[in-house]
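Visitor: Let me give you the structure first, and then I'll get to my questions.
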Amino acid sequence: RAVALILVLCVSGRRAETARYSVPEEGERGSFVANIAKDLGLTGEELLARHARLVPEGEKQYLELNLRTGDLVVREQMDREELCGQSEPCLMRFEVLLESPLQSFRAEVRLTDINDNSPVFSNKEIVLKIPESAMLGTRFLLESAHDPDVGNNSLQHYSISSNEHFHVYTQQRNDGGRYAELVLDRALDREQQPEVAFSITAVDGGTPPRSGTALIRVVVLDINDNIPVFTQTLYKVSVIENSSQDTLVVIVSASDLDAGTNGEIVYSIFQNSEENLQTFKINPETGQIRLKKPLDYEEKKTYEIDVQATDGGGLSTHCKVEVQVKDVNDNAPEVIITSLTSTLSEAAPPNTVVALFNVRDRDSGDNGRTTCELTGEQPFRITLLAADAYALATSETLDREQVEEYNVTVRARDKGSPALSAWKTLLVRLLDVNDNAPTFTQAIYTMVMSENEPAGRSLGRLSATDPDAGENARVRYALVPPPAGSLAVASFVSVDAESGTVRSLRPLDYEKVRAFEVTVRAADGGSPPLSAQAVLRVVVRGENDNAPVLLHPAPDSSAAGELVPRWAPSGYLVAKVVAVDADAGQNAWLSYELAKATEPGLFRVGLHSGEVRTARAVTERDAARQRLIVLVRDRGQPSRSATATLAVALVDDFSDAFYQLGHDPASGQQPQAAEEELLTTYLIASLCGVSSLFLLSILVWTASTLCKTRVQAELPPPLPSCYADGDFASDGVGVGSTGILSPAYGYEKYLTSGSGRSEFHFLRPILP
C-alpha cells in the first residue's frame with residue numbers, strides 16, 4: 001500500500017553500503033536468514049514504530065521481515081535452479097525502507113545451492129563407431145551429462161565400468177562445464193570382438209554425491225584409415241543479440257582424404273548441452289550453423305558448441321565453436337516504484353517526498369546507463385539518492401483549489417544509440433485543507449414578504465460557495481444574534497442551516513414593521529471553521545387589511561342630521577365625510593361616492609375630499625327630508641369600504657329643524673312613543689297659550705311678517721353656509737397613519753341633529 005505519512009526530503013537518506021546474507025535454497029517457510037534489526041542498530045520496537053518494510057527488486061516477495069523480532073525469514077520456498085539457472089551467484093536483492101525519518105537500506109541474500117539434482121544423460125545409451133585401426137591413445141568425445149546444480153554440487157567427474165580397451169578422461173570447458181573423453185588403451189579387433197559395452201557414470205561433488213549413468217556401446221568398424229579433419233579446431237564468432245531466427249552464425253568445414261563413402265562428411269552438433277541444441281542448428285551437408293531462436297545478451301553472453309564431422313566409414317572428429325553474444329540497446333529502462341504517497345495534503349511544504357523509485361536497465365555499458373527526468377511543468381522535482389535510486393518531491397507549495405490532482409510522468413532514458421526510454425505515470429491526489437472561507441453571491445440580499453403572511457412561507461434563498469472540498473466546503477447558514485436592546489428581528493425569520501432558505505416565523509403588520517435587516521453568517525465544516533457574513537434585508541409589503549374608519553359622522557351614531565336652507569344654491573356645502581385608513585400607499589388612498597340618496601340629482605360628493613354639496617339649487621319641489629348614504633372606498637386589491645349615513649333636512653327656517661329631522665322619509669318609521677307623548681304635551685300647552693294670547697299672537701305675527709320682508713329685501717340670503725368653508729382642505733382630509741384627524745382640519749357645526757328639543761333657541765340675526 002502507499003505510504004500514508006508525508007515524508008520530507010531533507011530528512012530522508014539512503015545507506016550507501018549493501019548488507020549481504022546467504023540462505024540455502026529450498027529452505028522451509030519461516031526459516032531464519034538474518035537479524036536485520038541488529039545489523040541496522042535498531043530494536044524490534046523501533047522497526048515497528050518506523051513501519052519498516054521490504055521492497056524486493058522483482059515482482060515476487062520471497063522474504064519477509066518480522067517487525068517484532070527484526071528477523072529476516074523465508075516467506076516462500078525458493079529453487080535456485082528455477083530462479084537463476086546456471087548463473088552464479090544467485091542473488092535476491094531488496095531494500096529495507098524505514099519512515100520517520102525516511103531511510104533506505106540495500107541488502108542482498110545469496111541463494112546457495114544444495115545438491116538436490118543428480119547428473120542426467122540425455123540418452124541412456126551412447127553408441128560409438130570406432131574403426132579397428134584406431135591408434136592407442138585416441139580420444140573420443142562423449143555426450144555430456146547435465147546437472148542443474150552449480151559449484152561443487154555440479155557434475156565433477158566421469159567414470160566407466162571396468163573394461164579392457166578404454167579409460168575415461170574428464171575435461172573442463174572455459175565456462176566451467178565438464179565433459180568426458182574416452183581414451184583407447186588397447187587396440188580393437190573387430191574379428192575378435194565386434195562390440196564393446198560398458199557403463200559410464202557422471203558424479204557430482206555434493207555431500208552425499210549424486211550420480212547418473214548411461215550405457216556405452218562401441219561398435220568396431222572395418223578399417224577406414226583417414227578421419228575427417230576440420231580446417232580449424234576452434235571457431236570464434238560474435239553474433240548480435242536479437243538476431244532473427246535462421247541467422248547464419250558460422251560455417252564449419254572438414255575434409256577427408258578417403259574416397260567414396262568414406263570421404264563423405266556429415267556434420268552434427270554434439271549433444272553436450274541441451275541449451276545449445278535449442279539455440280543452434282547445423283546443416284549436416286554444408287556445415288552452416290544457424291540460430292533456432294534469437295539470442296539475449298542479458299540471459300547468456302557466451303556459447304560453446306561442439307561440432308562433430310563423421311565420414312561415411314564412421315570415422316569422426318570434432319571442433320569447438322565459441323559464440324560471443326554482442327549487446328545491443330534492446331532493453332528500455334524500467335521505473336520501479338518502491339514507495340508512493342498517492343494522497344498529499346495541499347498544505348504540504350516544499351521538498352515533501354511523494355515517491356521513491358529505482359531505474360533499472362538490463363543492458364550493459366552505455367546501453368545500461370540511465371538518466372531520469374519529469375515531463376511537463378509541474379510543482380515536482382526528482383532528486384538522485386544513490387545509484388539508480390531517486391526521490392520524487394514537491395518543489396513548491398500546492399493549492400488543491402487550482403489543481404485537484406497531478407499525473408506526474410517520470411521518464412527514464414538510457415545512453416544507448418538510439419536511446420530507449422520508459423515512462424511511469426504517478427497519480428497524486430491533493431487532500432483539501434480548510435484554507436478558503438465561504439463567499440456569499442451577494443453582499444446584501446433583499447427579500448419581500450407580505451404582511452399577515454403565514455409562518456413557514458419561503459421568502460427566498462441565500463447562497464454561499466466554498467471552493468474547498470468535503471466537509472471543508474459544506475456551508476451552513478445561521479442568523480447572527482442582534483445586539484442587546486435592539487429589535488428582536490431574529491424572531492421574524494429563520495434560515496435553513498443546510499439550504500439557506502429564508503422562511504417567515506410569524507405574520508407581520510406592515511403598519512408596525514415595514515422593513516428590517518438581519519446579519520446572516522455562512523460557516524464551513526472545517527476545523528477550525530471559516531465564515532463570512534451578508535446582510536439580509538426583508539421588506540414588508542403592505543396588504544389591504546384595514547377597512548376605512550369613519551371619523552365623521554361617527555360610525556356608532558344613527559343617521560347624522562344636517563340642515564340645508566331651501567334657498568341653498570348649487571355647490572352649497574352640506575357636510576363633510578371624514579374617514580381614515582390604517583393601511584399605507586394606495587391601500588390608504590380613499591375615494592368617496594354617493595351610493596344612495598332620496599334625490600340622487602340633488603347632492604354630489606367630492607371624490608377625494610368627501611365634501612357633500614348640492615349639485616343644483618334647492619327647489620320647493622324637493623322633499624323636505626333627504627337621506628344620503630356615502631360610500632368610502634380604498635384602492636386596495638380587493639378594495640375595502642365603509643358607509644356613512646346622512647339625514648338632511650330642507651328647511652325654510654331653522655324653527656322647524658327638529659320636526660324635519662325627527663322623521664326619516666327613507667325609513668318610513670314613526671317617531672318613538674316618548675317623543676309623541678312629549679309633542680302632545682307641547683301641543684296642549686300651545687293651544688292654551690293660543691287661546692289666552694290670541695290677540696297678542698296676531699300682533700306678533702304681523703310684526704314678524706313685516707320684519708322678515710324687510711330683512712329679505714336688504715340682506716343676502718340668511719346663513720348662506722352653516723359651515724366655515726374656508727377651514728376645510730379643498731381636495732381631501734389630512735389624516736395621519738395613526739387614524740386621528742389632523743389638527744389642521746377644523747370643523748365648526750352650528751346646528752346638530754341632537755338639538756331637537758325645547759332647549760334649542762333661534763338666535764335673532766344682528767342686522768347691520
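Visitor: Could you go through the range 486-507 and let me know if any residue there is on the phi > 0 side of the Ramachandran plot, modelled with pLDDT of 90 or more and crowded, with 18+ Cβ neighbours inside 10 Å. Break it down into steps so the answer makes sense when it comes.
Guide: Looking only at the range 486-507, we keep the residues that are on the phi > 0 side of the Ramachandran plot, and these are 500.
Restricting the remaining residues to those that are modelled with pLDDT of 90 or more gives 500.
Now narrow it down to the ones that are crowded, with 18+ Cβ neighbours inside 10 Å: 500.
Checked against the condition, which is being on the phi > 0 side of the Ramachandran plot, modelled with pLDDT of 90 or more and crowded, with 18+ Cβ neighbours inside 10 Å, the range 486-507 yields at least one hit.
Visitor: Against the condition touching a Gly at 6+ places or on another chain (Cβ under 8 Å), open to solvent by less than 60 Å² (accessible area, probe 1.4 Å) and modelled with pLDDT under 90, how does Ala657 come out, does it pass?
Guide: Details: touching a Gly at 6+ places or on another chain (Cβ under 8 Å): yes; open to solvent by less than 60 Å² (accessible area, probe 1.4 Å): yes; modelled with pLDDT under 90: yes.
Yes.
Visitor: Only residues that are over 16 Å from Arg566 (Cβ atoms) and either surrounded by fewer than 23 Cβ atoms within 10 Å (Cβ to Cβ) or free of Cβ contacts under 8 Å to residues at least 60 places away in the same chain (or both): list them for the range 614-633, please. Spell out the reasoning first.
Guide: Residues of the range 614-633 that are over 16 Å from Arg566 (Cβ atoms), as a first pass: 627-633.
Of everything in the range 614-633, those that are over 16 Å from Arg566 (Cβ atoms) and either surrounded by fewer than 23 Cβ atoms within 10 Å (Cβ to Cβ) or free of Cβ contacts under 8 Å to residues at least 60 places away in the same chain (or both) turn out to be Arg627, Leu628, Ile629, Val630, Leu631, Arg633.
Visitor: Tell me the strands (runs of 3 or more DSSP E) entirely within the range 480-571 that contain at least 2 residues that are closer than 30 Å to Thr619 by Cα, in contact (Cβ under 8 Å) with a residue 24 or more places away in the chain and in contact with a helix residue (DSSP H, G or I) (Cβ under 8 Å, 6 or more places away or on another chain). Give the steps one after another, and end with the answer.
Guide: Values: elements: 493-495, 501-504, 515-523, 531-541, 549-552, 560-565.
Result: 560-565.
Visitor: Just to be sure, is Asn434 open to solvent by less than 40 Å² (accessible area, probe 1.4 Å) and in a loop (DSSP other than H, G, I, E, B)? Lay out the reasoning, then the answer.
Guide: Details: open to solvent by less than 40 Å² (accessible area, probe 1.4 Å): yes; in a loop (DSSP other than H, G, I, E, B): yes.
When the stated conditions are applied, Asn434 passes them.
Visitor: Scan the range 206-257 residue by residue and report those that are out of contact with any Lys or Arg (no Cβ under 9 Å at 6 or more places or on another chain) and at positive phi.
Guide: Residue satisfying the conditions is Asn242 alone.
Visitor: So, one more: Residue check: is Ile282 among the hydrophobic types (A, V, I, L, M, F, W, C), closer than 30 Å to Glu191 by Cβ and touching a strand residue (DSSP E or B) at 6+ places or on another chain (Cβ under 9 Å)? So that I can check it myself, show each step before the final result.
Guide: On the way: among the hydrophobic types (A, V, I, L, M, F, W, C): yes; closer than 30 Å to Glu191 by Cβ: no; touching a strand residue (DSSP E or B) at 6+ places or on another chain (Cβ under 9 Å): yes.
So Ile282 does not fit the description; no.
Visitor: Can you tell me which residue in the range 508-526 is nearest to Thr439 (Cα to Cα), limited to those that are open to solvent by 70 Å² or more (accessible area, probe 1.4 Å) and modelled with pLDDT of 85 or more? Walk me through how you get there before you give the answer.
Guide: Let us first name the residues in the range 508-526 that are open to solvent by 70 Å² or more (accessible area, probe 1.4 Å), namely 512, 514, 517, 521.
Right, trim to modelled with pLDDT of 85 or more and you get 517, 521.
Numbers: Glu517: 19, Arg521: 10 Å.
Here the answer is Arg521.
Visitor: Which one is modelled with the lowest pLDDT among residues in the range 348-380 that are buried (at least 22 other Cβ atoms within 10 Å of the Cβ) and part of a loop (DSSP other than H, G, I, E, B)?
Guide: Among those residues, the one meeting the criterion is Asp363.
Visitor: Given the structure, is Ala107 closer than 30 Å to Glu17 by Cα and buried (at least 16 other Cβ atoms within 10 Å of the Cβ)? It would help to see each step written out before you state the result.
Guide: Numbers: closer than 30 Å to Glu17 by Cα: yes; buried (at least 16 other Cβ atoms within 10 Å of the Cβ): yes.
Considered against the rule, which asks whether it is closer than 30 Å to Glu17 by Cα and buried (at least 16 other Cβ atoms within 10 Å of the Cβ), Ala107 comes out as yes.
Visitor: Continuing with the same structure: Could you tell me which residue of the range 60-79 is surrounded by the fewest Cβ atoms within 10 Å (Cβ to Cβ), considering only residues that are part of a strand (DSSP E or B) and in contact (Cβ under 8 Å) with a residue 40 or more places away in the chain? I'd like the intermediate steps shown before the answer.
Guide: Residues of the range 60-79 part of a strand (DSSP E or B): 63-65, 71-74.
Okay, now just the ones that are also in contact (Cβ under 8 Å) with a residue 40 or more places away in the chain, so 63, 72-74.
Values: Leu63: 22, Leu72: 25, Val73: 18, Val74: 20.
Filtering first and then ranking leaves Val73.
Visitor: State yes or no: is Ala134 within 19 Å of Gly205 (Cα to Cα) and either of a type in the set (A, V, I, L, M, F, W, C) or in the same structural domain as Leu277 (by the TED database) (or both)?
Guide: Details: within 19 Å of Gly205 (Cα to Cα): no; either of a type in the set (A, V, I, L, M, F, W, C) or in the same structural domain as Leu277 (by the TED database) (or both): yes.
Here the answer is no, as Ala134 does not meet what is asked.
Visitor: Next up: Are any residues in the range 447-506 of a type in the set (Ser, Thr, Tyr) and out of contact with any strand residue (DSSP E or B) (no Cβ under 8 Å at 6 or more places or on another chain), and if so, which ones? Even if it seems obvious, please write down each step before you answer.
Guide: At the first step, the residues of the range 447-506 found to be of a type in the set (Ser, Thr, Tyr) are 450, 458, 463, 465, 477, 486, 491, 494, 499, 501, 504.
Correct list: Ser486, Ser491.
Visitor: Mind checking whether some residue in the range 228-243 is buried (at least 19 other Cβ atoms within 10 Å of the Cβ) and charged (D, E, K, R)? Explain how you work it out, then say what you get.
Guide: Initial filter on the range 228-243 (buried (at least 19 other Cβ atoms within 10 Å of the Cβ)): 228, 230, 235, 239, 241.
With charged (D, E, K, R) added as a condition, the list becomes 241.
Yes, the range 228-243 contains a residue that is buried (at least 19 other Cβ atoms within 10 Å of the Cβ) and charged (D, E, K, R).
Visitor: Out of Val605, Val580, report the one residue that is over 23 Å from Glu511 (Cβ atoms) and of a type outside the set (Phe, Trp, Tyr). Give the derivation first.
Guide: On the way: Val580 fails: over 23 Å from Glu511 (Cβ atoms).
On inspection, the qualifying residue turns out to be Val605.
Visitor: Among the residues of the range 426-463, what is the count of those that are touching a Leu at 6+ places or on another chain (Cβ under 9 Å), of a type in the set (D, E, K, R) and under 30 Å from Tyr406 (Cβ atoms)?
Guide: Adding up the residues that qualify gives 2.
Visitor: Out of Glu299, Glu322, which single residue is acidic (Asp, Glu), part of a strand (DSSP E or B) and assigned by the TED database to the domain that holds Leu234?
Guide: None of the others qualify; the one that does is Glu322.
Visitor: Something else now. Can we say Ile282 is of a type in the set (Val, Ile, Thr), surrounded by 13 or more Cβ atoms within 10 Å (Cβ to Cβ) and either touching a residue at least 60 places away in the same chain (Cβ under 8 Å) or closer than 22 Å to Thr310 by Cα (or both)? If you could, list the steps in order and put the result at the bottom.
Guide: Working: of a type in the set (Val, Ile, Thr): yes; surrounded by 13 or more Cβ atoms within 10 Å (Cβ to Cβ): yes; either touching a residue at least 60 places away in the same chain (Cβ under 8 Å) or closer than 22 Å to Thr310 by Cα (or both): yes.
So Ile282 passes the test.
Visitor: Restricting attention to the range 124-141, and to residues there that are at pLDDT below 90 and part of a loop (DSSP other than H, G, I, E, B), which single residue is most open to solvent (accessible area, probe 1.4 Å)?
Guide: Looking at residues that are at pLDDT below 90 and part of a loop (DSSP other than H, G, I, E, B), I get Met135.
The values are calculated or read from the model by the stated rules, or taken from the named source; none is laboratory data. The structure displayed is predicted, hence computed values, not measured ones. With ideal geometry, Cβ positions are generated from the backbone for all residues, glycine too; neighbour counts draw on all protein chains shown. Note: areas computed on protein heavy atoms with side chains; ligands, DNA, RNA excluded. Shrake-Rupley method; radii C 1.70, N 1.55, O 1.52, S 1.80 Å.
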